[in-house]
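Right, one structure below, let's go through it.
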Amino acid sequence: MIERLRTMSEGERWSWAALGAILVLAFAWRAAGAMAIVYPSVDGVNYMTIARALVRDGSLMFSTFPPGWPLIIGLPLSLVGVEDPMAVLRVAQAANVILGVCAVALAYGVARRPLGRGGALLLAAFVALLPDLVITATTDLSEPSYLAFLLAAWWALRRGWDRATGLLFGFAYLIRPEALVILGAVVLWRSVRDRTVHWKPLVGAAVFVVPFVLFVHHATGVWALSSKGVFLDQAVEDRGAGELVIRWFANAGTFLGELPAIVGWPVVLLAAWGAVRWRGPELLALAPVLLVPLFSFRMDPRFWMPLLPFVAWLAVAGGRDLERRVGRGRARAMATVGLMAVAVTGTVVAARPDFYRVGLNLEAYSGMRAAGEWLAGNSDPEAVVVGYKPYVSFWSGRAFHRLPERADVESTVDRIRELGLDYLVVNRAVVRALTPHLAPLISSEPLEPALARKVTLVHVSNVDGDPRQTTAIYRMVPVGDR
């Protein structure tokens, strides 16, 4: 190692020093943002619930949320334990911070040969400092783990390590099923280019794909590549081909329209030019862009997060192509500086609102946290909590059941009692925005006698100065008791 350092050129030393500085900044910003977030997200609770059950019970529960991310955080949770919900959240955040920094290093490593030291440093700085990518690495969601494994798979692909490529894509598939779309596109591209079937990556991926398909079949009786198949069923159910095409184009326009707001128009335009001029496989990493608009859910900007390093890659490639067209010497240097200045300025302007979102608690339900902490010490560990949001369940360590879809409060309570569930959680802010039919349960007025015979108020959490946080916990009266 010492001999390697001695033989390095000055340019190599400067590039490693710059990468080190970028990694330190990436870690510091992500760690600070994560420490400021003390409340989980809805999807994060679902992922952490799978991980807690895995550690506590030694079995993998079936869910529409893929198991890859819970498997990753399950490893440190087996050492820390799952009884303290705050510790569970911190483990998930710490893992994301580390994976987020790994993604920065991987972005540099995978781009070092194709784009050169300068291009690789630009890509690493983009992944390290783009606010949206920083935000994803401070939360409890799966994007940082997926991005890290996707970039690791790309590293193996770029070095011709077929089996490793397949294995890494296979585990990435356990985190986000669209990894198989990218792998399929890559295998098809290489097979057509080389006029031979590149089957080894598929065999590597099968190590993870086959067991999970069998797991899904065992849990549901359906042969499917993803536990999220229900969303595809909902997307195409009772819809003709024409309606699906219209929705695809509408969603595609919305989804593509989110990109300039994340990275700025200069980067988007450079990436578009790079997509035309670049001869490598990086454009194939954007294949999920064709898949996402098929679904009926909202085209959330966070679906772009795992794709952004490849957008930046194409932008660097597009900028390089434009530089070569300018000429040599001073003209090229001026073109390089000008393009970088325009691209960086465009990204900073576009991302300016997102700088203020780093470390922001978007789901800060302190009343539900207090209610959950109360319930943890005042209920049976096997109790099931019903609610619209799963936060009381998370903070109490109790099982969660989604609120039944009913038109009025009494039929809702009746359904919960029929299912034999234990507690109903009602939060004032959630009632006002999402479940107005439950308003009688959060009112200061006495319950109607018919309703009062079915539920018992056992606890109310209040937060001084914020009545929206008021959270009531009702115990269900078993059917037949009254």
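Every number here is computed from the coordinates shown, using simple stated rules; none is lab data. Given the structure is predicted, the values throughout are model-derived calculations rather than measurements. Every residue, glycine as well, gets a Cβ built from its backbone with ideal geometry; the counts of neighbours run over all protein chains shown.
Can you tally the net charge around Arg325? Count Lys and Arg as +1, Asp and Glu as -1, for every other residue whose Cβ sits under 14 Å from the Cβ of Arg325. Here the count lands on +3. For Lys389, the aspartates and glutamates whose Cα falls under 17 Å of its own Cα, not counting residues fewer than eight places away in the same chain, are Asp43, Asp140, Glu363, Glu373, Glu405, Asp422. Computed from the Kirkwood radius of its Cα pairs, the Stokes-Einstein diffusion coefficient for the stretch 85-236 at 20 °C and 1.002 mPa s stands at 127 µm²/s. A protection proxy built from the mean count of other Cβ atoms within 10 Å ranks the segments 258-267, 413-422, most packed first, as 258-267, 413-422. Cα centroid distance between the stretch 305-366 and the stretch 208-242, in Å? Taking the Cα centre of the stretch 208-242 as reference, the centre of the stretch 305-366 is 37 Å away.
Expressed to the nearest 5 percent, the antiparallel share of DSSP beta bridges inside the stretch 366-476 is 65 percent.
Between the amide H of Ser41 and those of Asp140, distances stay under 5 Å, these residues lying 5 or more places away or on another chain, with hydrogens modeled in the peptide plane.
Note on the chain: helix-only mean residue ellipticity at 222 nm, from DSSP H runs of 4+ residues weighted -39500 (n - 2.57) and normalised by residue number, equals -21000 deg cm²/dmol. Separation of the stretch 372-450 and the stretch 243-295, taken as the distance between their Cα centroids, equals 41 angstrom. Exposure proxy for Leu168, Leu174, Leu457: other Cβ atoms within 10 Å of each Cβ, ordered fewest to most, give Leu457, Leu174, Leu168.
A simple packing score, the average count of other Cβ atoms within 10 Å per residue, orders the peptides 119-128, 301-310 as 119-128, 301-310, with the highest score first. Relative to the Cα centre, the charge distribution of the stretch 366-476, modelled as +1 at Lys and Arg Cβ and -1 at Asp and Glu Cβ, gives a dipole magnitude of about 180 debye.
Placing unit charges on the Cβ atoms of the charged side chains and taking the dipole of the chain about its Cα centre, the candidate lying farthest along the positive direction among Val230, Leu60, Leu291 is Leu291. Each peptide in 60-70, 367-377 was scored by the mean count of other Cβ atoms within 10 Å over its residues; highest first, the order is 367-377, 60-70.
Placing +1 on the Cβ of every Lys and Arg and -1 on the Cβ of every Asp and Glu, with no other charges, gives the chain a dipole of roughly 2240 debye about its Cα centre. Residues Ile50, Ile98 in ascending order of nearby Cβ atoms (within 10 Å, fewest first): Ile98, Ile50. Binning the C-alpha pair distances of the chain at 10 Å intervals from 0 yields a P(r) profile of 4, 17, 26, 25, 16, 8, 3, 1, 0 %, listed from the shortest bin outward. Candidates Thr139, Phe149, Thr165 compared by Cα position along the dipole of the stretch 10-355: farthest toward the positive end lies Thr165, with charges placed on Cβ. Going from the fewest other Cβ atoms within 10 Å to the most, the residues Leu294, Leu284, Leu99 appear in the order Leu294, Leu284, Leu99.
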